[in-house]
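See structure below.
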Amino acid sequence: MTDSDEVQGAVVDSRRENLFRARGLTKTYNSTGGTVVKALNGVDLDLFQSELVVLLGASGSGKSTLLNILGGLDVPSGGTLAYRGHDLTGATERRLTVYRRDTVGFVFQFYNLIPSLTARENVALITDIAEDPMPPEEALGLLGLGERMNHFPSQLSGGEQQRVAIARAIAKRPEVLLCDEPTGALDVHTGTVVLEAIERVNRELGTLAVVITHNAVIGEMADRVIHLSDGKITTIDTNESRRPANSLSW
């Protein structure tokens, strides 16, 4: 039995490379009242190439903290985290900057687009600094926005703005796409369109996609659903088959 087999709900598939290996991850904060808050409390987790994974849990369960550590935006207080066998736990800030730039794409609940730039120019902000990017036009086309690339954010709907944000995230061809409540500010129909975009990126580019949500229905489109509560993984469910995003309703 391998270490990966020992992690609850780990998918052992010889066709998929183990990208992340976390063991005993903890994250603690000191609150203003002097109380120690445990945002993560001993997380063991493996994540695999080309998976679509949903992190599910209530507010304060540790989802965003875990996502930020996976993305190199934060560092754990204890435990180990490796990406492709390379230790991230003790990485320097310079190494984490390179890792974030070259490996990870981020999508957040709020789109963080620059209002004075067109959709194409917003995506070009990333492609101008990436090592081997796809052209902004290609990234936007993949998200169905080819005809909207010269529009400013104010001329786009909320769903279109979120798809621009996804195009910006995937234009550098990241191996990992981390999405923190990407449908949280959207209605059901628009949210479904955004989930379809994430689904397509995962399927066509082979990108590991990790999606935070509090909506259990979204878990049905994933390979695995990781449930968190009080900074711990409580259960990991493996779906025998993934439901298409456009078949979900909530």
**OP:** Could you tell me which residue of region 169-189 is surrounded by the most Cβ atoms within 10 Å (Cβ to Cβ), considering only residues that are in contact with a strand residue (DSSP E or B) (Cβ under 8 Å, 6 or more places away or on another chain) and either on the phi > 0 side of the Ramachandran plot or outside any loop (DSSP other than H, G, I, E, B) (or both)?
**Re:** Ile170
Subject >> Among residues of region 107-116, those that are out of contact with any helix residue (DSSP H, G or I) (no Cβ under 6 Å at 6 or more places or on another chain) and surrounded by 15 or more Cβ atoms within 10 Å (Cβ to Cβ), counted >> reply: 2
Subject >> Residues of region 94-140 satisfying the condition of being in a loop (DSSP other than H, G, I, E, B), hydrophobic (A, V, I, L, M, F, W, C) and within 20 Å of the chain's Cα centre (by Cα) >> reply: Phe108, Phe110, Leu113, Ala130, Met134
Original post:
Within the group Ala91, Ala22, which residue is hydrophobic (A, V, I, L, M, F, W, C) and assigned to a loop (DSSP other than H, G, I, E, B)?
Top reply: Ala91
Original post:
Which one of the conditions (1) free of Cβ contacts under 8 Å to residues at least 12 places away in the same chain; (2) more than 21 Å from the chain's Cα centre (by Cα) does His151 fail to meet, given that it meets all the rest?
Top reply: (1)
**OP:** Determine if region 125-133 includes at least one residue that is in contact (Cβ under 8 Å) with a residue 12 or more places away in the chain, of a type in the set (D, E, K, R) and over 24 Å from Gly184 (Cα atoms).
**Re:** yes
Original post:
Do the conditions hold for Glu196, that is, is it out of contact with any helix residue (DSSP H, G or I) (no Cβ under 8 Å at 6 or more places or on another chain), closer than 29 Å to Thr65 by Cα and buried (at least 16 other Cβ atoms within 10 Å of the Cβ)?
Top reply: no
Original post:
Do we find that Arg242 is farther than 30 Å from Val98 by Cα, among the basic types (Lys, Arg), surrounded by fewer than 23 Cβ atoms within 10 Å (Cβ to Cβ) and touching a residue at least 40 places away in the same chain (Cβ under 8 Å) in this structure?
Top reply: yes
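In this structure, is Gly72 closer than 21 Å to Thr26 by Cα and buried (at least 19 other Cβ atoms within 10 Å of the Cβ)?
Here the answer is yes, as Gly72 does meet what is asked.
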**OP:** Find all pairs meeting these conditions: Cβ atoms under 6 angstrom apart; at least six residues apart or on different chains; first residue within region 35-61 and farther than 17 Å from Leu177 by Cβ and outside any strand (DSSP E or B); second residue charged (D, E, K, R) and modelled with pLDDT of 95 or more.
**Re:** Gly57/Lys63
Original post:
Going by the structure shown, is Ser64 out of contact with any Pro (no Cβ under 7 Å at 6 or more places or on another chain), closer than 25 Å to Gly191 by Cα and surrounded by fewer than 15 Cβ atoms within 10 Å (Cβ to Cβ)?
Top reply: no
**OP:** Check off (1) modelled with pLDDT under 95; (2) buried (at least 21 other Cβ atoms within 10 Å of the Cβ); (3) among the β-branched types (Val, Ile, Thr) for Val36 and give me the number that stays unchecked.
**Re:** (2)
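The values are calculated or read from the model by the stated rules, or taken from the named source; none is laboratory data. Bear in mind that the values here come from a model prediction, so they are computed numbers and not experimental data. All Cβ positions, even for glycine, are placed from backbone atoms using ideal geometry, and neighbour counts span all protein chains on display.
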